[in-house]
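Everything on this sheet refers to the single structure shown next.
The values are calculated or read from the model by the stated rules, or taken from the named source; none is laboratory data. Values in this document were obtained by computation on a predicted structure and should not be read as measured data. Ideal geometry is used to build each Cβ from the backbone, glycine not excepted, and the neighbour counts take in all protein chains shown. The protein model used for the area step is the full one, side chains on, heavy atoms only, and it has no ligands, DNA or RNA in it. Shrake-Rupley method; radii C 1.70, N 1.55, O 1.52, S 1.80 Å.
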Amino acid sequence: MADRWLKTNCLLAGTAAFWLSALSPLPKIAKGICYSFALVASVQLVQESRRLMVQEFRRTALKVTNDHLEDVEIALHTQQQAEALYEIYGATPTYPPEVRDELTKSLEHLYREESADYTDETSTSTSQKKSLYLAVKSLLEARGETYVIENVLRLGGGQWSKGKARLYEILEEGERNGW
Amino acid sequence: MSKAIHLGAWFLTGCIASSFVAWLGAIHPALFRVMWVVYIVSAAALALALLTDDSARQFLKLSEPDYYALLIAIAFSVLLGGVLTWLIGG
């Protein structure tokens, strides 16, 4: 079966052609034939275009329904997945209670640890302390006490006595360890 | 698009029918009177439809602009078919 659009367009063209040829100077019998063909074709065209309208309307309605169904299906699928995930992870805990308590405790321990209050000596490693001691000692010989306190320990100005104490602490520790 | 073709098909049918009536009136003097009767009757029907627009509109279930557009289209198609046949087809 031919496409309905093709049929409608052919009928439209045929109707117009028959009408125009009926208007053109032809013998009476030919004009009569053209008029009857044009009338028949135009009636057919009306019917065919009405069928085309109905078909398009039906297609649009079907498409809208299908889109809606698809949306509903996607929503249902998502909901099912969410329910499954909730069953796995939501209500029942993943870890047994004792492990969970332990984890909570260690987490609390971690974030309550007062690492900010630790001084440099305890947080720095031994090799760092050793290199600091060696550098301070060589700088003391080369540039003097003032330079070391101001530029290495950064305790110049108002913190002079503190800087001096820190310097002696470093030197004493180094000598005690025999670096 | 299909609705436009449908309305155009109705318009073309009106044109062809009016043209056919005008041609029938042209081929024989006896049919000339019949042609005028047909045209006068259709003109009277159109005038009646124009005068009783509100009640006819309720019967056809059309909105007011649609109804007037329908009347104008019918009048124009009848006029176009008749005048074209009179001028070039007679």
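For beta carbons closer than 8 Å, sequence separation of 6+ or different chains, a first residue in the range A:129-145 that is within 13 Å of A:Ile170 (Cα to Cα) and open to solvent by 80 Å² or more (accessible area, probe 1.4 Å) and a second that is among the hydrophobic types (A, V, I, L, M, F, W, C) and not in a helix (DSSP H, G or I), the qualifying pairs are A:Lys130/A:Trp179; A:Leu134/A:Trp179. Across the range B:1-37, the qualifying residues are those that are more than 7 Å from chain A (Cβ to nearest Cβ) and among the β-branched types (Val, Ile, Thr), and the one among them that is least open to solvent (accessible area, probe 1.4 Å) is B:Val21.
Among the residues making up the range B:77-90, a single one is away from chain A (no Cβ under 14 Å) and touching a Cys at 6+ places or on another chain (Cβ under 9 Å): B:Val78. Each residue in the range A:33-52 was checked for being at the interface with chain B (Cβ under 7 Å from one of its Cβ atoms) and open to solvent by 80 Å² or more (accessible area, probe 1.4 Å), and 1 pass. Where helices (runs of 4 or more DSSP H) fall entirely within the range B:1-83, those with at least 2 residues that are under 11 Å from the mean Cα position of the chain (by Cα) and modelled with pLDDT of 90 or more are at B:2-27, B:29-51.
Taking only the range A:5-27 into account, find how many residues are touching a residue at least 40 places away in the same chain (Cβ under 8 Å) and within 9 Å of chain B (Cβ to nearest Cβ). Reasoning before the result, please.
Restricting attention to the range A:5-27, the residues satisfying the condition of being touching a residue at least 40 places away in the same chain (Cβ under 8 Å) are A:5, A:7-8.
Still in the running and within 9 Å of chain B (Cβ to nearest Cβ): A:5, A:8.
Result for the range A:5-27: 2.
Just to be sure before I move on: is A:Asn66 away from chain B (no Cβ under 13 Å) and in a helix (DSSP H, G or I) in the structure I sent? Step through it out loud before you land on a result.
Details: away from chain B (no Cβ under 13 Å): yes; in a helix (DSSP H, G or I): yes.
The answer is yes for A:Asn66.
All but one of (1) closer than 21 Å to B:Ala9 by Cα; (2) away from chain B (no Cβ under 11 Å) hold for A:Ala75, so report the exception by its number. Only one criterion is unmet by A:Ala75, namely (1). Taken together, A:Ala30, A:Ala2 contain a single residue that is in a loop (DSSP other than H, G, I, E, B) and either among the aromatic types (Phe, Trp, Tyr) or more than 7 Å from chain B (Cβ to nearest Cβ) (or both), which is A:Ala2. A count restricted to the range A:53-71 and to residues that are surrounded by 14 or more Cβ atoms within 10 Å (Cβ to Cβ) and either of a type in the set (Lys, Arg) or within 17 Å of B:Phe11 (Cα to Cα) (or both) stands at 1.
Checked against the criterion of being closer than 24 Å to B:Ala4 by Cβ, touching a helix residue (DSSP H, G or I) at 6+ places or on another chain (Cβ under 7 Å) and surrounded by 13 or more Cβ atoms within 10 Å (Cβ to Cβ), the range B:46-54 has at least one qualifying residue.
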